[in-house]
1. Compute the convex hull volume of the Cα atoms of segment 39-170, divide it by the residue count, and report the result per residue in Å³ as a whole number.
2. Between Ala115 and Val166, what's the calculated FRET efficiency when r is the beta-carbon distance and R0 is 30 Å? Round to 0.05.
3. May I ask you to derive the FRET efficiency for Arg151 and Cys54 from their Cβ-Cβ distance with R0 = 30 Å, giving the value to the nearest 0.05?
Amino acid sequence: MRVLLQLMFKFFKKRDDSIPGAEFVAELEKAPLENDSAEPVPQNDQRKFVCPGCKNKALTIQRSIELGPDSRDDEYSLQAVRCVECDFMGVATYQESRRGAEESWDHICYRMDEAEFESLLDKLLKCRQPSKPKCACDAHNHFGVKNEYGRLNPLEKLEHGKNQFVMRFR
């Protein structure tokens, strides 16, 4: 964010205009996000995972929000995932820890029915700052709550299948 503000400052200074005030920033935050759709990524995108439903490399992350660190992990993300070739829809979590001698991570997925998935996706899409764990939106406030041990567990707030699948590229 600091870099963006510095660039804006340089831009307006070069144009000999005034630096934008609070009104400008407030309007900017209300502006629609560009390129922020829930559409699947293009067919040739390398970020596709193997779908647990059809076994094709067609599972995409439709939307992800960063929930920040907890008592076990340095990063925790909640993701809505969908296959572009079959009807698989689900919720995934990405957890990464850089504590100790080496890094470790878990990227797991659970199947969801369509109504639950659409509800999850809708909540995630309403967040205007998905990469900011300290965002005060409804999704971050709902899923980013830690228990008495300092652990995040957003999955307990969702209806999903009990079988877990490892998110893998192949």
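1. Value for segment 39-170: 116 Å³ per residue.
2. Numbers: r = 25 Å, r/R0 = 0.85.
Taking R0 as 30 Å, the efficiency between Ala115 and Val166 is 0.75.
3. Working: r = 33 Å, r/R0 = 1.11.
Computed FRET efficiency for Arg151 and Cys54: 0.35.
All of the numbers you see were taken from the coordinates with simple rules; none came from a lab. Small disclaimer: the values here were computed from a predicted structure and weren't measured. All Cβ positions, even for glycine, are placed from backbone atoms using ideal geometry, and neighbour counts span all protein chains on display.
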